[in-house]
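The values are calculated or read from the model by the stated rules, or taken from the named source; none is laboratory data. Quick caveat: nothing in here was measured; it's all calculated off a predicted structure. Cβ sites come from the backbone with ideal geometry, for glycine too, and all protein chains shown count toward neighbours. The protein model used for the area step is the full one, side chains on, heavy atoms only, and it has no ligands, DNA or RNA in it. Shrake-Rupley method; radii C 1.70, N 1.55, O 1.52, S 1.80 Å.
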Amino acid sequence: MKTIAAPNRLTARGAVNGSAVELGQDLRFRFARRAFRAPIAGELRVRVEWAGICGSDLHVARTGRWVTDWPAVLGHEFFGHVDAVGENVDLAPGTPVVADSRIACGACAGCAASPAECVNLAFVGEACAGGFATHCLLPASSVVTVPLDLDGAIAALAEPLACALHALGHLGRVPERVAILGHGPLGALVHLALRDLDDSIEIAVAEPLELRAELALALGAELLPEDASDGVFDAVFDVAGYAGSLGRAVSLCAVGGDVVVVALASGQEKIGPSALVEREVIVRGSHAFRDELPTAVTLLASAPWRFRPLVTDAVELDQLPRFLETELTCSHGVKALVKP
Amino acid sequence: MSALIEELEARTARINAYRPGRPVVGEPLDQPGKLSSNENVYGPAAPVLAAVSALGPKVARYPDSVALRYVLAERVGVTPDWLVLTNGSDELCALVAQLILQRGHPVVLGDPCYRIDEIVSIAAGAQLRRVPLRDGVHDLDAMARAARGAKLVWLPNPHNPTGTVVDPRSLSRFLERVPEDTLIVLDEAYLDYADEELQPPTVALVRKHPNLLAQRTLSKAAGLAGLRAGYGIAHPRVIALLDAVRAPFNVNQASLAAAAVAITQDAYRRYTTRLIRRERARLEEELESLGVRFFRSQANFVTLASGLATPALHEALADEGIVVRDGSDLGFPGHVRITVGAPAQMLLVRRALRRVFASDSDGGTP
């Protein structure tokens, strides 16, 4: 029978010894031993069981962008068990949880209305140590509990699934034909979420990496040809963020269609206004998620087998530096999980 | 009555009853840690499940398998009279034994063998000619010699429990050597996981050899182990005989509905099979690095020689929430058969292997 791992041997004042993969300001990853302090009031400590690697982690690794807490311990998509709690925390040690990756600044006009409206939203792993570690300290309000019978490796998909659900929430109507540019983990989750919305939606995918394209076909999509006609799709999701992807998304969109931009492309794009005007295309950005995380957990728990084909790689924490070096050169899989 | 019972008990005394792979107690709903029964951890494609969910009032009607037979035959590349549908591949084993074997009839099988082949043969009162594997692979030369005067040869390819295959050319030569009065059952349950160049031209072989019956299942790559759907491909005269003795409604409505959709899901099957092959390679690489003897597999499982470390290995795996198959359940004591599962579970398998074997170093593949 699987047992929850006992807490590591405690050091003075409730800290535990563990390890993490740190990203230095030289943009090199290193496996390091670390102590994880006891949680303070309102905080809890999670024993990380599975953490997902996100495209944004790779972007940070390439650029050092967004990190405010060096050396960084990246990883904002993770599942684990509550290991220790501070005062005024209701969750019991042993509770299975996934992390809410968002950190609101608490000071802007948006936060005055709701943390979800924060205009300076930061993320676990960038503003504070994240899930590529044996443990992670989080505010108790930054976790969502998970059913006991949900495979932790599937639960770790909750955060990106929440992002996918949030992206779908920008659609003005249920589309009949959708194009998805990019079928990495987020594109694949958008794909699955669309199928949940309406199984009759025709989905075409643009994806150059072989295994990701095979997954798209396996989930019932067609591959979008290079010379696909303009103005065909009711909705286009840009989950790729390559140079020109936004322009392509707009050109593929039918009259009155929606372009939902999820990918954070680093460059600039030129889009002719006439394309937007003449076809009345609505372009919406989609950033992270709002209140979709519990829904994502529920969806995963209701049919975990649907999501399992997205996970193509699992790597031990101490092997993560080498794995990430390879991923930064060329990714071969879809979703990779890290096991501390 | 008592004499009858005594006779049957005497006949079946040699049967070592089949013990299915254990589930994982207290594990997630869809049992990703159950690596004991060679089930497909990815299950069937979503449209297959939708087809089963949509059955509705059809469950009140006897199933009609004609439509599936036609569709399946077309996909396989034969006419429907070359095909028989069965309630799982194991039903075909039972039908063959029922049709062909009588008390004392010689039957050839590998040693170790697929347990169901053995059980149905013993139940029929057949005389088993067990031919030891060579390095985990069927010894086709010895099997061909043993087939003289035999009624039946059981030939799972890939082999269960070793996962090895015979190369297509050796298979062709074997088929030429076996007497035409001996039926050869070529069980291809795991063939989807084999490298393409090792997959024989089965339909062409069946057309060439009227005494060849190819046996296939939708339990593995198609992910329908729970619905029991299989089929056989053979000369129409053989198929007609099997049709004559099988139960009339042997494949139920749910299985028919699921199978009809599953056989169209080529892209899903290709993708999930590819994931399994990736993990199989990773597992074999780990075993090699640990110096653990194993059989290089072309199936969705890998069998290793665990020897005295067997109990420790089971315990280490159980600590990770993983259950595998003990070789003693498969007529192969001292070995453990590990179904290849999803990447997360296979990482845990590799961890357990390192825990047990990392300090050992004892040779390479058996």
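So, B:ALA50, is that one within 14 Å of another protein chain (Cβ to nearest Cβ) and at negative phi or not? Working first, answer last.
On the way: within 14 Å of another protein chain (Cβ to nearest Cβ): yes; at negative phi: yes.
Here the answer is yes, as B:ALA50 does meet what is asked.
For B:ARG14, state whether it is more than 30 Å from B:ARG277 (Cβ to Cβ), surrounded by 14 or more Cβ atoms within 10 Å (Cβ to Cβ) and away from chain A (no Cβ under 14 Å).
On the way: more than 30 Å from B:ARG277 (Cβ to Cβ): yes; surrounded by 14 or more Cβ atoms within 10 Å (Cβ to Cβ): no; away from chain A (no Cβ under 14 Å): yes.
No: the conditions fail for B:ARG14.
Across the range B:262-283, what is the number of residues that are surrounded by fewer than 20 Cβ atoms within 10 Å (Cβ to Cβ) and part of a helix (DSSP H, G or I)?
9
Just wondering, is there one or more residues in the range B:334-352 that are out of contact with any helix residue (DSSP H, G or I) (no Cβ under 7 Å at 6 or more places or on another chain), assigned to a helix (DSSP H, G or I), surrounded by fewer than 20 Cβ atoms within 10 Å (Cβ to Cβ) and within 14 Å of another protein chain (Cβ to nearest Cβ)?
yes
Can you name every residue in the range A:276-317 that is under 19 Å from the mean Cα position of the chain (by Cα), open to solvent by 20 Å² or more (accessible area, probe 1.4 Å) and more than 9 Å from chain B (Cβ to nearest Cβ)?
Selection gives A:ARG284, A:GLY285, A:HIS287, A:ARG290, A:ASP291, A:GLU292, A:PRO294, A:THR295, A:THR298, A:LEU299.
Report yes if some residue within the range B:213-225 is without any contact (Cβ under 8 Å) to a residue 24 or more places away in the chain and at negative phi; otherwise report no. Give the derivation first.
Quick first cut of the range B:213-225, residues without any contact (Cβ under 8 Å) to a residue 24 or more places away in the chain only: none.
The answer is no, given that none of the residues of the range B:213-225 is without any contact (Cβ under 8 Å) to a residue 24 or more places away in the chain and at negative phi.
Hey, does the range A:318-336 have a residue that's open to solvent by less than 10 Å² (accessible area, probe 1.4 Å), in a helix (DSSP H, G or I) and in contact (Cβ under 8 Å) with a residue 24 or more places away in the chain?
Yes, the range A:318-336 contains a residue that is open to solvent by less than 10 Å² (accessible area, probe 1.4 Å), in a helix (DSSP H, G or I) and in contact (Cβ under 8 Å) with a residue 24 or more places away in the chain.
Please find, within the range B:34-43, the residue that is surrounded by the most Cβ atoms within 10 Å (Cβ to Cβ) out of those that are away from chain A (no Cβ under 11 Å) and of a type in the set (Gly, Ala, Ser).
Taking the range B:34-43 as the starting set, the residues that turn out to be away from chain A (no Cβ under 11 Å) are B:34-39.
If we keep only those that are of a type in the set (Gly, Ala, Ser) as well, we get B:36-37.
Details: B:SER36: 24, B:SER37: 18.
Per the criteria, the residue is B:SER36.
Find the residue count for the range A:109-130, including only residues that are touching a residue at least 24 places away in the same chain (Cβ under 8 Å), part of a loop (DSSP other than H, G, I, E, B) and out of contact with any helix residue (DSSP H, G or I) (no Cβ under 8 Å at 6 or more places or on another chain). First the steps, then the outcome.
Taking the range A:109-130 and keeping what is touching a residue at least 24 places away in the same chain (Cβ under 8 Å), we get A:116, A:121-130.
Now drop any that are not part of a loop (DSSP other than H, G, I, E, B), which leaves A:121, A:125-127, A:129-130.
Filter again for out of contact with any helix residue (DSSP H, G or I) (no Cβ under 8 Å at 6 or more places or on another chain), leaving A:121, A:127, A:129-130.
Matching residues across the range A:109-130 total 4.
Take the residues of the range B:284-324 that are part of a loop (DSSP other than H, G, I, E, B) and within 14 Å of chain A (Cβ to nearest Cβ): which is most open to solvent (accessible area, probe 1.4 Å)? Please lay out each step first, then the result.
Within the range B:284-324, the subset part of a loop (DSSP other than H, G, I, E, B) is B:291-293, B:295-300, B:306, B:320-322, B:324.
Then keep just the ones that are within 14 Å of chain A (Cβ to nearest Cβ); that gives B:320-322.
Values: B:GLU320: 35, B:GLY321: 3, B:ILE322: 4 Å².
Restricting to residues being part of a loop (DSSP other than H, G, I, E, B) and within 14 Å of chain A (Cβ to nearest Cβ), the top hit is B:GLU320.
Just checking, how many residues over the range A:297-317 are in a helix (DSSP H, G or I) and without any contact (Cβ under 8 Å) to a residue 40 or more places away in the chain? Write out each step before concluding.
Taking the range A:297-317 and keeping what is in a helix (DSSP H, G or I), we get A:297-302, A:304-310, A:317.
Filter once more, keeping what is without any contact (Cβ under 8 Å) to a residue 40 or more places away in the chain: A:298, A:302, A:305.
So the count comes out to 3.
Within the range B:226-246, can you find the residues that are within 24 Å of B:GLY56 (Cβ to Cβ), touching a residue at least 60 places away in the same chain (Cβ under 8 Å) and open to solvent by 30 Å² or more (accessible area, probe 1.4 Å)?
B:LEU227, B:ARG228
Find the strands (runs of 3 or more DSSP E) located wholly in the range A:131-247 whose residues include 2 or more that are within 14 Å of chain B (Cβ to nearest Cβ) and crowded, with 21+ Cβ neighbours inside 10 Å, and list them.
On the way: elements: A:135-139, A:143-145, A:177-181, A:202-206, A:233-238.
Strands (runs of 3 or more DSSP E) meeting the threshold: A:202-206.
Within the range A:85-108, work out how many residues are part of a strand (DSSP E or B) and either open to solvent by less than 20 Å² (accessible area, probe 1.4 Å) or not hydrophobic (A, V, I, L, M, F, W, C) (or both).
Of the residues in the range A:85-108, the ones part of a strand (DSSP E or B) are A:85, A:96-99, A:102-103.
Keeping just the survivors that are either open to solvent by less than 20 Å² (accessible area, probe 1.4 Å) or not hydrophobic (A, V, I, L, M, F, W, C) (or both) gives A:96-99, A:102.
Qualifying residue count, the range A:85-108: 5.
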